[in-house]
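The values are calculated or read from the model by the stated rules, or taken from the named source; none is laboratory data. Remember, it's a predicted structure, so these values are computed and weren't measured experimentally. Every residue, glycine among them, receives a Cβ derived from its backbone with ideal geometry; neighbour counts consider all protein chains shown.
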Amino acid sequence: MKKLKNNSGATILMALLLILLAMAVGAAILTAAVSAAHHMKSDREAQQNYLTVSSAAELIRDSIAGDKYERTMTETHTANTDEEGHTTYTVSYSTNVNYPTGIMGQWLSACIEDGSENVQYASLKDFKDTIEVDLKIDEDTSLRTVRADFFAQKDGQIQVQLSLKPEEGKTDDCRMTLTMQGTLTQADPEYRSDGDDYSNTYKTTVKWEPQRITKGIEVTGP
């Protein structure tokens, strides 16, 4: 009489091994998927942060491009002749200033010393300030705030350092620098006369160009 072999134990063991193997493969796939999703999210955030800072830099650059400052001071000499034929002159001054009108006009104007009414020409001066720029693109309010540090020097060089405003739990090194050169021009005095009266007009113009955007924070100046 032949003996029957019981293989049920081996079959169960094999099934358990297959289940464990499938669970291990599934766990590995899940871990890889989670990691990939995390990297994709990080990449999207990094790209969005870069676009936010670069958009702020371009906004400031475009608002300054073509903007200028103009100051005109007129010194008028009015003749006063007495009965004996002696002539003296009364001097008066009038000043007209056209400030930059772009969104960064207040910054640019703060870099210039107008001087008092009887000063012939304006001059450049040191100035620094910090503002925060909030961008809104396609009704998206999730963009982070950009911090802009503004530095101006007497030689006309201007540097705007842009970075994301720090937020708790978020780290990044997305930084850009906008640099430009302010050029102050003092026109030769314009002389005009009307009889014994005469005047001299002094004109100052300041323009900022070219504007250059670079990645990272540039350290310039003395």
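Within the stretch 101-123, the residues that satisfy the criterion of being in contact with a Phe, Trp or Tyr (Cβ under 6 Å, 6 or more places away or on another chain) and assigned to a loop (DSSP other than H, G, I, E, B) are Cys111, Glu117, Asn118, Gln120, Tyr121.
Listed by first and then second residue, the pairs linking a residue in the stretch 173-199 that is farther than 30 Å from Met104 by Cα to a residue that is hydroxyl-bearing (Ser, Thr, Tyr) and part of a loop (DSSP other than H, G, I, E, B), with Cβ atoms under 7 Å apart and 6 or more places separating them unless they lie on different chains, form an empty list.
Within the set Asp43, Asp82, the sole residue that is out of contact with any helix residue (DSSP H, G or I) (no Cβ under 6 Å at 6 or more places or on another chain), at pLDDT 85 or above and either surrounded by fewer than 12 Cβ atoms within 10 Å (Cβ to Cβ) or under 30 Å from Asp134 (Cα atoms) (or both) turns out to be Asp82.
Consider Glu167 carefully, then state whether it is modelled with pLDDT under 85, surrounded by fewer than 11 Cβ atoms within 10 Å (Cβ to Cβ) and not β-branched (Val, Ile, Thr).
Numbers: modelled with pLDDT under 85: yes; surrounded by fewer than 11 Cβ atoms within 10 Å (Cβ to Cβ): yes; not β-branched (Val, Ile, Thr): yes.
Yes, satisfied.
Count of the stretch 47-70 residues, restricted to those that are touching a Pro at 6+ places or on another chain (Cβ under 7 Å) and among the hydroxyl-bearing types (Ser, Thr, Tyr), is 1. Being at pLDDT 85 or above, assigned to a helix (DSSP H, G or I) and of a type in the set (Lys, Arg) is a property that does not hold for Arg71.
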